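Remarks on the structure that follows.
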Amino acid sequence: MAMRAGLLVSIEGGEGAGKSSVREAVAQRLAARGYEVVQTREPGGTPAGEAIRALLLDPAQSLAAETELLLMFASRAQLVRHVVEPALARGAAVLSDRFTDASFAYQGGGRGLDMGRIADLERWAVGLKPDLTLLLDVGVEVGLARARSRGAEPDRIEREQVGFFERVRAVYAARALAEPRRFLCIDAGAPAADVVSAVLAGLDHWLDARGAA
Ligand code: Z5A
């Protein structure tokens, strides 16, 4: 996949891993390191993508696994063409709350869809990978308890059973193991302030190493 001027950083993790809690700190650190920062999320991040997100998360919808996967990629293709590629071309740092790894974890691991087909979609409809993926790893029961403590109605995917989220976590772990230079794994079971410190230390180290390369 092609070299580019900017930087694509994704944040991943299971339910209640604390992505939202670290995102702002990461954005501030990237800005302090001199980047124009473009924050986005998946599914979503464009008007069409946000409409797709509403459909995907609506508990009233009964979606086939294939429909779910294709909608995730429809949203992602729109985001990449309209937001990510232009931002990378002008040298910005794009910080995305989830990216394609989530499709491997949720639709591949959780739903059991074929990983090869997901990889084909990644090549065809996306055509790029994050430079750095911050993986917040937390035990499924701990993460679910945190998510429930927010008190909001669970969305369509949050209604899944524990086994679904265990498979999601296992795929994230396997992907991190397979691509250790792209993934930075953080123990997200620690107190929130410690998680943020670990993420920022890892990010600084990664940026320094990249600058020196
Ligand atoms: N999805 C998919 O299936 N396939 C795909 O390709 C993509 C996505 C891209 C929407 O994503 C859903 O889409 C998601 C995956 C699926 N479904 N699920 N389930 P999302 O990222 O928008 O939704 P989410 O994963 O449900 O995000 P979230 O609930 O906002 O989780 P979070 O950002 O990781 O957690 P948080 O809001 O930062 O923290 C949750 C609570 O825990 C909150 O009250 C915090 O104050 C608390 N918290 C956070 N960190 C800590 C620590 N360290 N200690 C104690 N308490 C903490």
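Brief remarks on what is shown
- Residue in the range 149-172 that is within 8 Å of the ligand (Cβ to nearest atom), more than 15 Å from LYS19 (Cβ to Cβ) and polar (S, T, N, Q) present: yes
- Residues that are over 14 Å from ILE157 (Cβ atoms), touching a residue at least 40 places away in the same chain (Cβ under 8 Å) and away from the ligand (no atom under 12 Å from the Cβ) within the range 45-76 comprise just one, GLU66.
- Close pairs (8 angstrom Cβ cut-off, 6 or more residues apart or separate chains): in contact (Cβ under 8 Å) with a residue 12 or more places away in the chain in the range 186-197, within 6 Å of the ligand (Cβ to nearest atom) and assigned to a helix (DSSP H, G or I) anywhere: ILE186/VAL195; ASP187/VAL195; ALA188/VAL195; ALA192/SER21; VAL195/SER21; VAL196/SER21
- Residues in the range 1-55 that are outside any loop (DSSP other than H, G, I, E, B) and hydroxyl-bearing (Ser, Thr, Tyr) were compared, and the one that is nearest to VAL171 (Cα to Cα) is SER10.
- Being outside any loop (DSSP other than H, G, I, E, B), among the small types (Gly, Ala, Ser) and more than 9 Å from the ligand (Cβ to nearest atom) holds for only one residue in GLY108, GLY112, GLY143, and it is GLY108.
- Inspection of the range 172-179 identifies no residue that is in a loop (DSSP other than H, G, I, E, B), small (Gly, Ala, Ser), within 18 Å of the chain's Cα centre (by Cα) and more than 26 Å from TYR35 (Cα to Cα).
- Within the range 94-105, residues that are touching a residue at least 60 places away in the same chain (Cβ under 8 Å) sit with their Cβ atoms under 7 Å from residues that are among the polar types (S, T, N, Q) and more than 7 Å from the ligand (Cβ to nearest atom), at 6+ positions apart or across chains, in these pairs: VAL94/THR40; LEU95/GLN39; SER96/SER10; SER96/THR40; ARG98/SER10; PHE99/SER10; ASP101/SER10; ASP101/THR133.
- Of residues in the range 19-33 being more than 13 Å from the ligand (Cβ to nearest atom) and not basic (Lys, Arg), the one surrounded by the fewest Cβ atoms within 10 Å (Cβ to Cβ): ALA32
- Looking across GLU36, GLU85, GLU42, one residue alone is surrounded by 15 or more Cβ atoms within 10 Å (Cβ to Cβ) and either more than 14 Å from the ligand (Cβ to nearest atom) or modelled with pLDDT under 95 (or both). It is GLU85.
- Any hit, the range 49-58, residues being under 19 Å from the mean Cα position of the chain (by Cα), buried (at least 21 other Cβ atoms within 10 Å of the Cβ) and of a type outside the set (A, V, I, L, M, F, W, C): yes
- The residues in the range 180-190 that are out of contact with any Phe, Trp or Tyr (no Cβ under 7 Å at 6 or more places or on another chain), part of a strand (DSSP E or B) and either among the polar types (S, T, N, Q) or away from the ligand (no atom under 12 Å from the Cβ) (or both) can be counted, and the count is 2.
- Residues that are farther than 19 Å from ALA170 by Cβ, part of a helix (DSSP H, G or I) and of a type in the set (D, E, K, R) within the range 69-105 comprise ARG76, ARG81, GLU85, listed in sequence order.
The values are calculated or read from the model by the stated rules, or taken from the named source; none is laboratory data. It should be emphasised that the depicted structure is a prediction, and the values quoted were computed from it without experimental measurement. Note: ideal-geometry Cβ built from the backbone for every residue, glycine included; neighbour counts use all protein chains shown.
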